[in-house]
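So the structure is just underneath, and the comments pick up after that.
The values are calculated or read from the model by the stated rules, or taken from the named source; none is laboratory data. Quantities reported herein were computed from a predicted structural model and do not represent experimental measurements. So basically every Cβ, Gly included, is an ideal-geometry build from the backbone, and we count neighbours across all protein chains shown. All accessible areas refer to the heavy atoms of the entire protein, side chains included, with ligands and DNA or RNA removed. Shrake-Rupley method; radii C 1.70, N 1.55, O 1.52, S 1.80 Å.
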Amino acid sequence: MGEFKVHRVRFFDYMPSGIRALAFNQDTERMAVARMDGSVEVFHCSDRFFQEKIIPGREQCGIEGLSWVGERLFSAGLNGGITEYDLTNQKVKYTIDAYGGPIWTITGNQQGTHLAVGCEDGTVKLFEVNEDQIQFERNLDRQKSRIISLSWHPSGSKIAAGMMDMIQVFNVETGHSIHRMLADRGAGTSRSKECVVWSVVYLSDGTIITGDSVGMVKLWDDQTGTLIKSHNVTKCDVLALSVSQNEDSLVAGTSEGIVVQFQFVSMVLEKDDKEWVRTRTFRNHTHDIRAVAEITTAVVSGGMDAQLVVRPLLDKIEVRSAASALRKIHFPHRRLVSCARKSGLMLFQYPGHLELWRLGESEGKGTPGSSLFVKRNPEKLLQLKVKGEDHIRCSAVSPCGGWIVYSTASTLRLYRLHCDNNNISITKISKLPKVLSSANQLCFSSDSSHLFSASAQSSVHIASLSQSGCKFVGTLKPKSGSHQAIHLLAASEDGKWLASANSDHEVHIYNLQTQKAHCTVPVYSSAVTAMGIHPATNCLFMMHADQQMFEYSIEQKQYTDWSRTVQRKGLHRFWVERDTPCLNVMFNPQNPSHVILHDMYMLCIIDQSLPLPDDKTQFYNQLTLKSLTEEQRKSQSHAFKVCKTFKDRPLHLYVCGLSEEVCFIKRLQIVPC
Amino acid sequence: MVETSDIRVVRCGGSKVNLTPPIISSDSRFVLCTSGDLVKVYSTRTEEWLHSLQGHTNQVTGITLNPANHLQVYSCSVDGTVKLWDFIDGILIKTFVIGCPLFAIYVSEKHTGVLFLHVSMATDSKNECFQLVSVHLPKSAEQEVEAKEMSAVSSHISKNPSCTAFGRGGEYIAFARHLQLNVYFFRKQKTYSFSLKATDKKGAKNAFTCIACHPTDDCIATGHEDGKIRLWRNFIHKKEYTYSTQHWHHNAVNTLCFTPEGTHLLSGGIESVLVQWQYGADNRKEFLPRLGGSILHISASSDGQLFCTSHSDNKITVIESSFKVCGVIQGLVKGDAVLTDLMIDPRSKALVLNGKPGHLQFYSLLRDKHLYNLDIVQQEYIYEAGLDQFEVVKAAFDIKGSWLATVEERGKKSSDLEFFLKLWAFDERTQSFVLNTTITAAHTDRIISMCFSSSEETTMLVTAAEDSQFKAWCQGADADTQQDQNFWSCDFVGSYHKLNPTNCSFSADSSLLAVSFQEVITIWSPDTWEMLTTLCQPPGVIRDLCFGRLSCSKYLLGTTTKNLLCCWNLLTCELEWSTSVDVSKLQPDPFSENVAAFSYQSKHTDLFVFKPSEPRPLFTNKNVCSEKVHRAVFVPREEPLNSCDESTQWLNRSQLYFLTQNMDLLTFSTATEEDRMLSSSKQLVIDDSVAVTPFYLLLGKHRQQQQKLNTQSHPVSDKPQQTQGSVTIKELLHTPAHVLPAASVLCSMFVNSFLISNTGVQQDPLREEMDSEKEEEDSEEEMEACDSQQELRAQGSVDEVTPKLSKAQERELKRVRKTDFSWMAGLIDSKP
């Protein structure tokens, strides 16, 4: 596997933010997730829940509800505004004020014509969804208390609204209330507390299901406005409800961190008198569950512990496979750390600020497995707060360590870093070219002379950096294809090639010398999660969300022989069944046949000179190999060398940088709020 | 060899009542449970044993009500027969011979004339393979029918009978084994099976332990080894089946039961807490804790008013639907091991042995009834496996039954042994034993053996312990205490060459004490505490020791570990005889010279009964049972038998009970005895139209006496007269007070009922009929009851001849009834 110096970096205490709302789009199979910090993420459900898009949030922007209307995504929050997102360029499209005070909930009807929002002042406001905007249509009858939850009847003619202590059913045509149903308060001391109807679901057969702060899931009949049945689910609140597409299953998330499933089953077999019966209980969360969604094959839940849990429903799955396993997503599928390889600096990206650290230094060489004496402790050089309310979208530090760049939704800032001995100073480069106003992804060339900035329309702007400042050089545009935002950039070591990957799974390669598009890699069905250009051979190595790997020779414009062999022989079962995507591709300068990959939990070195494992061979064979002699080892070893623990502790890798013989390993603390 | 044909080993008394779920009759008046070879019928209200259904020749393994007739019950047994009983009268209606051992029985209303049985398929007992078969019952008028029409339903059957249950209306049958649940639909003839993983990440143990099906919904409840309860639904789909899980029990769920309406689910396990889950609202549950031993079975009556739980301590608890215990039927408590000897309380003649943990139980073998528990340890027992708690290990009565000595001990496994010697005095006033003395450190090591002296004047206790000492304890020898000198203290400490004593025994007249030290027997005089002599017969450590009785008092018997039975003559101090036999238990009969010796040889136990003075055994029984016998006792009879047969003579004055390693209490019964039992049980048919209240018992006794008197003088008129009297009493007692007529009216009627018996010399039956006619008008019900009672009597007693009326006679009777006889009543009224 080779010898590396290992730095244990334990000072990147990034804390993911809690999940506030979920919205599932059945047609595109996308799951939109709103977090407490106002960011919105889009996951692709059929592509192993890869985090395709991230729209960073803003300060003071609490999102309370998310709703898809067709392929458009809307959110509403306590600041009283309704926001539509531009998913192509991954930014906010516009925000309009609803003039009803804080908005607690937003929901679109199934026809895709209207949006309803529930406001603090007790009004349900209907908005018409137009081609490019939404327009206020009218208010329904104003109520005395705030509207906490809303649900459209699938026909679009009625709306059920959950409020304090009651549920109202409105006729959308007239805007008048049809029924008013009172929710019971809890017994004993909680009798004085109001019962909050946190969530409501309106089924097509006229049943209204509510979840409230008393811990009950109640079923109501909208014809008579009476209670049919109530299930006591928990002692505390039922915060979220979601019903499956065919309305035979319902999930309820509670503040105890459990998800309870109800199923609509016939009490006597082969007869039609069905009832809602509590069946399964899922305990995957440690804290309150704020949002649940039942998608075709799984239950997705998220809450204050910031993890998105995808619990598969085995009765809905045709074939059990790695794609249908239990999945817990803790951290973004993006690199939040960049490192200056030559100067040993690391840049950590937090939502509101950046931190620059210098790694520690050690003396001499030790034997493998021993810990070296630390000559100089790692130190924090810089903390850079973001100007304005927007959160950071992307950031980078140049390989030489002389430049820092970051971008928010509205601005891009470039800094020159002077670092002589203990004096650190930064200067902002004031006059930036106009095209560098905002970037989706940022990258420096390996000699730190150029900055690549991915912007709208899948284009990449090139700016040259010098002591004097920054100068716009040109723009790289793809020949054809979609205009989705670029989420990955990779520059070659010799400064000749640049590869970009966008959300439509397209990978474009540009020749930097001619500043023209060189070629496009054949589009694969799964998203690219990491890529890198080999320094010696100039081959592009790509990792995909379904754990497949490709090596593409840029010069010959075709897949390499090794890549074809991999595709022909297939990957080992254990490799394909891993549930987190690879986040980084690196190469070992000492040994050109080594490709280094890592995801959240493991570090893997692929030796392209060794044979590939098939399903019969032992995949995790490090321990076995240790016990064998030199000759036997040769016959037993295969291309994949996986390391899951370091000094007997599980790895939490977030990024690995590599220069000469140093491999950086980060440990992240997962601290729920 | 002695003829043994008319003496046989029977399971008599103290059998397990908790082997199968008890069933409650549909009118909630009776509880039926299996008990050894019998099915016992108890009253739910009084917990009294009414009668038993006798007829099986081996362990009864299952009972179930006949769905076609709720007054009948099916029982199945290891002897390979299914019997149909009328359980109210205790009459065997039919016997179906199946031919192979049966282990459980299930019936369903939908399948009339079909029984479902568990049969064992394996030839040897080791690899158990059970099958569920359905048996079509042939329609035949004969008493004993062979049922041949068998068809197998499934062979994936657990040996646990509670893992099989019928679903809604008998549409399907659900059964589980290990980790697989199977549901067999009769109409489709299709089995759906669902399996669980053996364990998961959280360490769940998913093996099925019991099953119950909802009576109206398609919902199957299953209990699991780790205490979870799963409710399965939608089980006609291979994939879309679903279940919900509840978890309250911390250990395996032993039993589940739905109430007849299906509104609640009852569950029980080792915690001995009955849990009631509300069906549909799963987290609403009620508890009934502290029921005693762990719950093994639960059953509910058909109206849902009563529940029955049977417990591991051989107990059936009757519980009202309001979760109140209303009755306890206690059998002989048999724990994992009986540490004390079997003893007979000289006062109550009850069998005394370990009962509930930390208690001694008093059990009447004659009435087969648990009398009471004596709390020895007086500490709360915690029902949890693996705890080291105090246990009663030794107990002894003195000859009059006024003193009881007990030893309790803790720390058998660990090194720090802790034990107490306690002496209990019988209190005449409270009629129970009261703690007199507690000796905390009687010896420095474990007490091996303990016996009271048998003399009438002074009571003395001798304990022998592993600290190579024996101590004699006397009452009131301690001069320091100025009190009534009632307490016990040590009188003498003896030892012999630092050898560990193994046993001690007093002679019949208490003039000698024999203490065995390993291979040596020492004889002491208790008066002077002088060692008289030593007896030794190496090799082999002395195991058992006893003196002969009555005419054989001069003999001392001893058994050694080297398979020797020795008999010493104490006058000559010489070995009289010895024989090589491996005696596991030596038991002298206190009322005769006889000594019983159980010997274990090559997987079976033989019994020898002999007199020490005679070389030939009185009685030999080869192969009494297949296990080792360690405990035995002679129980004195209430009235001695007068059998002259040489082989049964030894059973004349007392009866020999013994306990096998499987905790079966067995005894010997003779042919004459069985005959007598059978005839007496026939007459014991109880009038159940009246609640068995204490008041009723008083009156009933009075009535029986009357009956006896009458039978002597005029046997024919006895019956109607008796009926008439009881009707008046019944009316008096059963009519609510506020609707009763004035007392003066009643008084004359009441007196009337007595007067008739005096005047009724050779009275014509018409007169009687007339009187009862009057009663009939206002209490028709009761009259019916009386009629049925008469019928019972007619069926039950063979020798009694009841006059049967022809049709013409009846018509005549009716005519006579209609004529006015009121003048006669007036006559009677006018009498002083």
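Computed values, structure above
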read-out: All positions within the stretch B:25-41 that are open to solvent by 10 Å² or more (accessible area, probe 1.4 Å) and either under 16 Å from B:Y74 (Cα atoms) or modelled with pLDDT of 90 or more (or both); value: B:S26, B:D37, B:L38
read-out: Strands (runs of 3 or more DSSP E) within the stretch B:167-283 that include 1 or more residues open to solvent by 10 Å² or more (accessible area, probe 1.4 Å) and within 11 Å of chain A (Cβ to nearest Cβ); value: B:180-185, B:190-195, B:228-233, B:242-247, B:274-278
read-out: Residues that are part of a helix (DSSP H, G or I) and of a type in the set (F, W, Y), drawn from the stretch A:551-600; value: A:W562, A:F574, A:W575
read-out: Residue tally, condition under 32 Å from the mean Cα position of the chain (by Cα), assigned to a loop (DSSP other than H, G, I, E, B) and not charged (D, E, K, R), over the stretch A:115-149; value: 2
read-out: Extreme residue, least open to solvent (accessible area, probe 1.4 Å), among residues of the stretch A:606-615 that are at pLDDT 85 or above and closer than 18 Å to A:K644 by Cβ; value: A:I606
read-out: Residues satisfying the stated conditions in the stretch A:189-217, i.e. more than 14 Å from chain B (Cβ to nearest Cβ) and either in a loop (DSSP other than H, G, I, E, B) or among the charged types (D, E, K, R) (or both); value: A:R191, A:K193, A:E194, A:C195, A:L203, A:S204, A:D205, A:G206, A:D212, A:S213
read-out: Unmet requirement for A:H461, which otherwise passes all of (1) surrounded by 15 or more Cβ atoms within 10 Å (Cβ to Cβ); (2) at pLDDT below 90; (3) touching a strand residue (DSSP E or B) at 6+ places or on another chain (Cβ under 8 Å); (4) over 20 Å from A:Y552 (Cα atoms); value: (2)
read-out: Residue satisfying condition, being touching a strand residue (DSSP E or B) at 6+ places or on another chain (Cβ under 8 Å), among the aliphatic types (A, V, I, L, M) and surrounded by fewer than 19 Cβ atoms within 10 Å (Cβ to Cβ), within set B:V82, B:V78; value: B:V78
read-out: Residue match in the stretch A:75-87 (condition: touching a Lys or Arg at 6+ places or on another chain (Cβ under 7 Å) and in a loop (DSSP other than H, G, I, E, B)); value: yes
read-out: Qualifying residue in the stretch A:225-243 (condition: touching a Leu at 6+ places or on another chain (Cβ under 8 Å), within 9 Å of chain B (Cβ to nearest Cβ) and either among the charged types (D, E, K, R) or under 19 Å from A:W152 (Cβ atoms) (or both)); value: yes
read-out: Hits in the stretch B:130-166 (condition: of a type in the set (A, V, I, L, M, F, W, C) and either part of a loop (DSSP other than H, G, I, E, B) or within 14 Å of another protein chain (Cβ to nearest Cβ) (or both)); value: B:L137, B:A141, B:A147
read-out: Every residue from the stretch B:510-542 that is outside any loop (DSSP other than H, G, I, E, B) and open to solvent by 40 Å² or more (accessible area, probe 1.4 Å); value: B:E530, B:M531, B:L532, B:T534, B:C536
read-out: Members of the stretch B:585-613 found to be of a type in the set (G, A, S) and surrounded by fewer than 20 Cβ atoms within 10 Å (Cβ to Cβ), listed by number; value: B:S602, B:S613
read-out: Pair list, Cβ under 7 Å, 6 or more apart: the stretch A:314-325 residue within 11 Å of chain B (Cβ to nearest Cβ), other residue at pLDDT 70 or above and in a helix (DSSP H, G or I); value: A:I317/A:S324
read-out: Top-ranked residue in the stretch B:295-304 [being open to solvent by 20 Å² or more (accessible area, probe 1.4 Å) and of a type outside the set (A, V, I, L, M); ranked as nearest to the chain's Cα centre (by Cα)]; value: B:H297
read-out: Selection within the stretch A:261-276 - closer than 12 Å to A:E294 by Cα and more than 9 Å from every other protein chain (Cβ to nearest Cβ); value: A:F262
read-out: Scan of the stretch B:381-430 for residues that are farther than 28 Å from B:T444 by Cβ and of a type in the set (A, V, I, L, M), ordered by number; value: B:I382, B:A385, B:I399
read-out: Those residues of the stretch B:382-441 which are open to solvent by less than 50 Å² (accessible area, probe 1.4 Å) and of a type in the set (V, I, T), in sequence order; value: B:V392, B:V393, B:T406, B:V407, B:T437, B:I439
read-out: Those strands (runs of 3 or more DSSP E) lying entirely in the stretch A:218-283 with at least 2 residues of a type outside the set (F, W, Y) and surrounded by fewer than 20 Cβ atoms within 10 Å (Cβ to Cβ); value: A:226-232, A:274-282
read-out: Count of the stretch B:623-659 residues which are open to solvent by 70 Å² or more (accessible area, probe 1.4 Å), assigned to a strand (DSSP E or B) and in contact (Cβ under 8 Å) with a residue 40 or more places away in the chain; value: 1
read-out: Index of the failed condition, B:L291 passing every other in (1) more than 14 Å from chain A (Cβ to nearest Cβ); (2) surrounded by 20 or more Cβ atoms within 10 Å (Cβ to Cβ); (3) under 17 Å from B:C210 (Cβ atoms); value: (3)
read-out: Residue among B:G331, B:G358 that is on the phi > 0 side of the Ramachandran plot, surrounded by 18 or more Cβ atoms within 10 Å (Cβ to Cβ) and in contact (Cβ under 8 Å) with a residue 12 or more places away in the chain; value: B:G358
read-out: Some residue of the stretch A:15-28 being of a type in the set (K, R), closer than 29 Å to A:H285 by Cα, part of a loop (DSSP other than H, G, I, E, B) and modelled with pLDDT under 95; value: no
read-out: Residue satisfying condition, being in contact (Cβ under 8 Å) with a residue 40 or more places away in the chain and over 20 Å from B:F175 (Cβ atoms), within set B:P260, B:P215; value: B:P260
read-out: Single residue of A:L66, A:L73, A:L115 found to be buried (at least 22 other Cβ atoms within 10 Å of the Cβ) and over 17 Å from A:A34 (Cα atoms); value: A:L115
